[in-house]
1. Name, by its number, the condition in (1) more than 16 Å from residue A:50 (Cβ to Cβ); (2) within 17 Å of the chain's Cα centre (by Cα) that does not hold for residue B:17.
2. Using the structure shown, decide if residue A:135 is polar (S, T, N, Q) and at pLDDT below 95.
3. Provide a single number: the residues in region B:29-48 that are over 18 Å from residue B:18 (Cα atoms) and more than 7 Å from chain A (Cβ to nearest Cβ).
4. I'm trying to understand the selection: among the residues of region A:129-162, which are over 21 Å from residue A:57 (Cβ atoms) and within 13 Å of another protein chain (Cβ to nearest Cβ)?
5. For region B:2-47, give me each residue that is within 21 Å of residue A:182 (Cα to Cα), polar (S, T, N, Q) and without any contact (Cβ under 8 Å) to a residue 12 or more places away in the chain.
6. Is there a residue being at pLDDT 60 or above, within 14 Å of another protein chain (Cβ to nearest Cβ) and loosely packed, with under 13 Cβ neighbours inside 10 Å anywhere in region A:55-64?
7. In this structure, does residue A:94 turn out to be within 14 Å of chain B (Cβ to nearest Cβ) and either at pLDDT below 90 or within 19 Å of the chain's Cα centre (by Cα) (or both)?
8. With respect to residue A:157, determine if the residue is buried (at least 17 other Cβ atoms within 10 Å of the Cβ) and in contact (Cβ under 8 Å) with a residue 60 or more places away in the chain.
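The values are calculated or read from the model by the stated rules, or taken from the named source; none is laboratory data. Everything numeric here is computed off the predicted structure, so don't read it as measured data. Ideal geometry is used to build each Cβ from the backbone, glycine not excepted, and the neighbour counts take in all protein chains shown.
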Amino acid sequence: MFGAFRPSGPLSGGLLWKIPWRMSNPQKLRQRRRLRRVDNIVSVLDTALKRQVATHPISTTTATSSPPPTQSESETHGAATPAELSTTAEGQRLLSTTTHVEHASRRQGRGPKQGDLVPGQPRKLLSEQAGQLGTIKLLERWKAEMPTEQEMHPRDKYTMFDRKAKGYRKGVHKLPKWTRVSQRLNPPGF
Amino acid sequence: MSLPTATNYFRITLLRSAIGLPKRTSGVLAALGLHKRLRTVYHPVSQTVAGQVFAVKELVDVQEVVQALSAREMRQLRQPESGFYVERRAGVRAGEGEGEEVEV
């Protein structure tokens, strides 16, 4: 039509990079395997940390966890005593951070984020409790909130919420980097 | 499987790259020492490393092992048998040197 160009579909005004609206069966198979692989990794981390706690009691592993919120006055920062520290500005800053900070005052008074509090226990941060127990907050939250591949409805495995689509769902393969990102939850009712 | 008394290790292998993902993800991979695909690193089991692996769990394969291998040891495990053995070296008299290297 225009010289050397053949009148193909894309050149006649069609879409070149077409993506089907639904996934094929092999695509769905690979997606299930990817979900199972992530579940397996989460269980490996969980059992490894539990075994670590069982073989090394938590009292000996406090050095590796996050810094404790409270420190006794007898503890020193390196080799400096509190009396020596209070003479310099940096030392005074170090001394002030050792006092326990109320979690309500973190985040400039807005309080802890949703999911940061242990359900059932009033005003206890999940990250602190996890650190004391030898696990990590991320793992505990994942195990509590995220479904495994067995528990997931097929609709949640292969589609995701989209407020613009007709049925408020679109294929999960349309999510950028969907093979390298965990997308398992959708708003309730959709 | 009995509980070992020593510290276990995570055997972490990078399977998918972090190209196109937020820079935080490639930062975590760099912190773990995974700069190329299919490289394997060993890290002792701890909350820190577990959190790092959790951040990149979609890109990585993890096993819990007892022994940590160095890069040299991993390379030696990959080397195939040479398929020959040296009977005699030129310039070395019989009985001198370290003797034959007999390989099955």
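1. Condition (2) is where residue B:17 drops out.
2. yes
3. Count: 3.
4. Across region A:129-162, the qualifying residues are A:138, A:141, A:142, A:143, A:146.
5. Matches in region B:2-47: B:26 only.
6. Yes, some residue in region A:55-64 is at pLDDT 60 or above, within 14 Å of another protein chain (Cβ to nearest Cβ) and loosely packed, with under 13 Cβ neighbours inside 10 Å.
7. no
8. Criteria met by residue A:157.
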